[in-house]
Structure formats: structure tokens, C-alpha cells
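S.K.: Structure below; questions to follow.
The values are calculated or read from the model by the stated rules, or taken from the named source; none is laboratory data. Please read all numbers here as calculations on a predicted model, not as lab measurements. Ideal geometry is used to build each Cβ from the backbone, glycine not excepted, and the neighbour counts take in all protein chains shown. When the accessible area is computed, the model is the full protein with side chains, heavy atoms only, and any ligands, DNA or RNA have been set aside. Shrake-Rupley method; radii C 1.70, N 1.55, O 1.52, S 1.80 Å.
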Amino acid sequence: MMKRASCALVMLAALPLSSLAQDTRLDSRLDTATRAMVARTLDTARARGLPVEPLVDKALEGVTKRAAASRIAAAVSALLRRLETSREALAPDPAPRDIVAGADALAYGATRQALVTMRTIRPNGSLAIPLAVLTQLVASGVSVNRATRVVADLLKRGARDEQLIALQDDVRSYVAAGASPEAALDVRTRGLNAVLPPGGAASGVGDLSSPTALSGGTKKP
Amino acid sequence: MANQRFGRGMNPVERALASLRELPDVDREAVARVVVAAARVRAQDAEPNEDDLLPAAIEPARSGRVVAVAAAAVILLVIGGGAVVWRASRPYPAASLPSPVATNSPSIPAISAASRPDATESMTIPTQFVYDGRARRVALVGDFNGWDEEATLLVREPGSSLWSVTVPLQRGRHVYAFIVDSTWTTDRRAPTSRDPDFGVEGSVVIVGRP
């Protein structure tokens, strides 16, 4: 019995997931044509070893937001490309959450090189929070270049994730109260700098101020 | 009989697949219950290589319970269309389980917490959502519950206009909204997020450590 169950498990694990995995949530919420388009993208993601769940979520998000089928399929495809870019930029072995956070940042205008820089500064730990803060700073109105430079610099100086979250919260509060996003970020960064060791210690991140490294422009959400 | 039906000319893999296809359908609620039960056992048996599905299940010295879980997993792989493998390998195990499980079962997050060296990084964190306003029904939708309007309902505080629900979330940035009496509503106390894909603004929460 034990042998048989183990054997069946091994054989099933050897199968391509696409032949087994049909997400019931998609079955019940997408029409046939959209489901087929999304399924092709999911198969591609599986074949490339990319996380599939964010793609399913994106399709479901489109359904809940009453988006047209073509738009849902396009959004899922676009996310697939961002996930791939993110994984490559965060190499060698990024966690799925980091890949997703990187894809979010890319959607808001962060560059591939910005993600590479973050990985260089924090080669082993999770980048989900720093990338989330970067994304949200841009969403608050801070330019991509400025937000990337500040988050990278704070990371380089050893800022903890909680400090980055607090920074983002405060910037948002100041912006809501009428301050300009860049001024709010400057003020809070000065406050955080006061409690962090001096920067410039990390190696391999000298390209932070390079216009070619951070060429995301000043795109706003 | 079974040999006849599944064909003597098939190789072992084809024969196993053919036999598995013969299994009957099972309703989704039952599948979800078994997934949760299997997940709990996995959490209790968590080892450093928890990310790998197979090693614990095929190790010969394992107890009968592991075999039972493995057998259940095999059945689920077939009747659930691969849902077990998919869920076990996905980054957000707790939040996308059926809602009653996700919101009421604090033991589920331990699966991911035990699976990596940076256990706290993978831990889910109970996160409360509050809506203030008159309504007949308030639901929470977001990237943590499949944007399902039926999955996570807020409960009204008796005698007040405050509605709330607490959901375990992975660390990171999450986009969400309230569906208030069928109307998409952002959380006015949270930052908003533009939506480059569908053009419908949502609210954002960045979840850190508890």
C-alpha cells in the first residue's frame, strides 16, 4: 500500500502541471474564450517556472472589476512579462513574493536595473517590503528615480523593513495633508538618516545615481 | 477487469494515469476540507525541506499517517485537477484557501512559516480591515482572496456603523477594496493605488511584522 501510494505520487509529480491544474475559480468566473486565453498564459508561466497564482489573481481581479475579456487577457500577459523580468533581475533565486513585488514595482515604472540594484544591496534577504515601499512611494507621487534612490540608499545603510514602511506611511500622511511628495520624502528621509549609520558602505551599488541605471523617468501613477 | 480497462500494452505511467482518471468527481467543499486537513498534518510534520512535496511522502521509514496523507494527496491531485501541487508551490497558501478557512484557521500560516529558514518572512500576519458607514452588506476583495465578493464578509459591530474583518496576510503590499452593497468602495483611511491594468483604483496596505 505504502509503495503503491508513493509510486503514484512520484509519477504524478513527473507530469506537467498544465495537464492537471485547472483552477476552479477561473472555471466558474471566466467565460470560455477568456479562460482559454488565460490558460495559455498560465501554461507558459508554468513552463518557465514562474509563479502562477499572481496571474490567476490578476484574471480574477479583472472579473471583479467587470473588465472586458480582451483586457483581462492582456493584463495577465503583461503581468507574465513583468514577472519574468522581475525574476531575472532579482536572480539568482528570488522567492515568489519577491518576484511579485518586483513585478508590481515594474508596473509603476521602476526599471529592471533598479531591481538589480536592490538585489545587490540585499543579496540574501527578502525584498518584498523594500519593493512594496518603492512602489507605494511612486504611487504617492514621488518620482521613480527619487524613490528608487532613497529606498536603495536606506537599504544600503541597513534600514529595517519596518522603518521603510513607517517612512512610506509618513510620506503618504504628509502628502494627504498638502505637502509635495518629494518634500515629504526629503523630510522623512532626513529623520530616518539620523538614526541610521552613514551610507556608502555597500559595494557594487555605485551606479545608483547613474541616469542610465535608474532610467525610469518621472512617471507618476 | 482493471487490467482490461487500462490496457496491458500501456507503460506504467500511462496505466497509472488511466486508472486515476477513472476516479469519480468529488464536491469542492469536500476537497477543500481534505486540503486543509492535509495542510495541518504537513504543518505538524514540517521539516527544513517542506517546500519539496515528495521527500517526506516517499521516505520508506515514515509512519502510516504519512502514507495516508500521501494517498489523500494523490486522490486530490486527480479530483482537484492538480490543486494540491499548485497550492503547495504557490506563494500565498493561507490567503487563497476558501475564505472560512483563511479567516478562521490560525494554524494554516504555520505551513509557510516553518518551510523556510527565514520563517518570519513567510509568516502571515492577522490584518484588520474596518469600514465605517451604513450598509446592508460589506465584503472585502483583494489580491489575498481571489477578488471574490463572497469570500470575506465584514461583520457589523452591534449598535454602530463600524464593520470589520481580520484576515491573515503575507508580508508585502496588498491591493484591496470594499464592496458596499454591490458598489466598489475604496478605504478612505488607506492609500490608494492606480490600476494600470483595469483602471479601477484600489486601496493599499503594506503588511510588515506583527
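S.K.: Classify segment A:25-89 as rounded, prolate or oblate from the Cα gyration tensor: take a ≥ b ≥ c as the square roots of its eigenvalues, call it rounded if a/c is under 1.5, otherwise prolate when a/b beats b/c and oblate if not. Please report the intermediate quantities before stating the final value.
M.R.: Details: a/c = 2.15, a/b = 1.72, b/c = 1.26.
Taking the square roots of the gyration eigenvalues as a ≥ b ≥ c, segment A:25-89 is prolate.
S.K.: Between A:THR44 and A:ARG160, what's the calculated FRET efficiency when r is the beta-carbon distance and R0 is 25 Å? Round to 0.05. List each step's numbers first, then the result.
M.R.: Values: r = 37 Å, r/R0 = 1.48.
Efficiency computed from Cβ-Cβ geometry: 0.10.
S.K.: At a Förster radius of 25 Å, what calculated FRET efficiency corresponds to the Cβ-Cβ distance of B:VAL130 and A:ASP170, to the nearest 0.05?
M.R.: Details: r = 21 Å, r/R0 = 0.84.
Step by step, r from the Cβ atoms, then E = 0.75.
S.K.: Can you give me the C-alpha center-to-center distance between segment A:51-77 and segment A:112-170, rounded to a whole angstrom?
M.R.: Segment A:51-77 and segment A:112-170 have Cα centres separated by 27 Å.
S.K.: So, one more: How large is ³J(HN,Hα) for each residue in segment A:131-139, as worked out from phi by the Karplus curve 6.51 cos²θ - 1.76 cosθ + 1.60 (θ = phi - 60°), to whole Hz, x for Gly and Pro?
M.R.: Result, rounded to whole Hz: 5, 5, 5, 4, 4, 6, 4, 5, 4.
S.K.: For the pair A:ARG81 and A:SER180, how long in nm is the line joining their label points, each one 7 Å along Cα→Cβ?
M.R.: Taking the simple label geometry, A:ARG81 and A:SER180 are separated by 3.3 nm.
S.K.: Which whole number gives the average, over all residues in A:186-194, of C-beta atoms from other chains lying within 10 Å of the residue C-beta? Present the calculation step by step, with values, prior to reporting the outcome.
M.R.: Values: counts 0, 0, 0, 0, 0, 0, 0, 0, 0.
Across the residues of A:186-194, the mean count of other-chain Cβ atoms within 10 Å is 0.
S.K.: Using θ = phi - 60° and the Karplus curve 6.51 cos²θ - 1.76 cosθ + 1.60, what whole-Hz ³J(HN,Hα) does each residue of segment A:102-112 get, with Gly and Pro shown as x?
M.R.: Running phi through 6.51 cos²θ - 1.76 cosθ + 1.60 with θ = phi - 60° gives x, 5, 4, 4, 4, 5, 9, x, 5, 8, 4 Hz.
S.K.: Apply the Karplus curve 6.51 cos²θ - 1.76 cosθ + 1.60, θ = phi - 60°, to the phi angles in segment A:82-93 and return the couplings in whole Hz, x for Gly and Pro.
M.R.: Going residue by residue, I get 5, 4, 5, 4, 4, 4, 5, 5, 9, 4, x, 9 Hz, with x marking Gly and Pro.
S.K.: Total accessible area buried between chains A and B, 1.4 Å probe, in Å² to the nearest 100?
M.R.: Numbers: alone 11620 and 12980 Å², together 19690 Å².
Summing both sides, the interface buries roughly 4900 Å².
S.K.: Other chains near A:63-73: what is the mean number of their Cβ atoms within 10 Å of each residue's Cβ?
M.R.: Values: counts 5, 11, 10, 3, 5, 1, 0, 0, 3, 2, 0.
Whole-number average of other-chain Cβ neighbours for A:63-73 is 4.
S.K.: Tell me the label-point distance for the pair A:ASP27, B:LEU162, using the 7 Å Cα-to-Cβ offset, in nm and rounded to one decimal.
M.R.: Result for the modelled spin labels: 4.2 nm.
S.K.: Residues of A:130-140, mean number of Cβ from any other protein chain within 10 Å of their own Cβ, rounded to a whole number?
M.R.: On the way: counts 0, 2, 9, 3, 1, 5, 6, 0, 1, 6, 4.
Going residue by residue through A:130-140 and averaging, the value is 3.
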